[in-house]
Structure formats: structure tokens, C-alpha cells
Amino acid sequence: MRILAWDIEASNLSADFGIVLCCGFKEVGQGRPEVFNILDYPGVDLIAQERNLLKDISTRLLDSDVWLTHYGTWYDIPFVN
């Protein structure tokens, strides 16, 4: 079973106004943590960069069996959605 601990950092506490800036991942019992950063995604504007970042975050999340978060139900998951 693949358990993925993850957390996002965003520019605002509200998904209606903020954007996801980065996401950290660590698969429990495996290697080193990973960080996906919005600055690593080329785009004409922040919205395009965030869209590409969120696609990669979604792919990484869907590759795991279980998610481990802190306040994920009320913050991280709605923000990524």
C-alpha cells in the first residue's frame, strides 16, 4: 500500500482568491521528499503556471493508495480541486 504524506502552500487561505505555490510530497517508508514549485512551470501568466502545477499534483496524488495530510479535508483537497 502506497501512503503519501503531502501538503500545499498557497498565496491565500481561500481557494477563491489564492493560488497554489508549491506542494510537498513524501511517500511513507520511501526515499526523499519531493517538492513541486510553481516557479518550475513555464507559462505566460500565473494561472497557466498553476494549471500545469495542479495537473502534476493531481497525477502524483492519484498514483497513491492513501493520503496523509494535516487539515487536508478542509484546506489542501478543496484548494487543489
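The values are calculated or read from the model by the stated rules, or taken from the named source; none is laboratory data. This structure is a prediction, so every number in the text was calculated from the model and none was measured. Because the Cβ atoms are built from the backbone with ideal geometry, glycine has one as well, and the counts that use them run over all protein chains shown. Note: areas computed on protein heavy atoms with side chains; ligands, DNA, RNA excluded. Shrake-Rupley method; radii C 1.70, N 1.55, O 1.52, S 1.80 Å.
If you check LEU13, LEU68, which single one turns out to be exposed (fewer than 11 other Cβ atoms within 10 Å of the Cβ) and of a type in the set (A, V, I, L, M)? Talk me through it step by step, then tell me what you get.
Details: LEU68 fails: exposed (fewer than 11 other Cβ atoms within 10 Å of the Cβ).
Sole residue among the options that is exposed (fewer than 11 other Cβ atoms within 10 Å of the Cβ) and of a type in the set (A, V, I, L, M): LEU13.
What are the residues in the stretch 16-59 that are open to solvent by less than 70 Å² (accessible area, probe 1.4 Å), out of contact with any Asp or Glu (no Cβ under 8 Å at 6 or more places or on another chain) and in contact (Cβ under 8 Å) with a residue 40 or more places away in the chain, if any?
Listed by number, the residues that qualify are GLY18, ILE57.
Considering only residues of the stretch 5-32 that are outside any strand (DSSP E or B) and among the charged types (D, E, K, R), which is modelled with the highest pLDDT?
ARG32
Checking VAL35 against (1) assigned to a helix (DSSP H, G or I); (2) under 15 Å from ASP7 (Cβ atoms); (3) of a type in the set (Val, Ile, Thr), which test does it fail?
(1)
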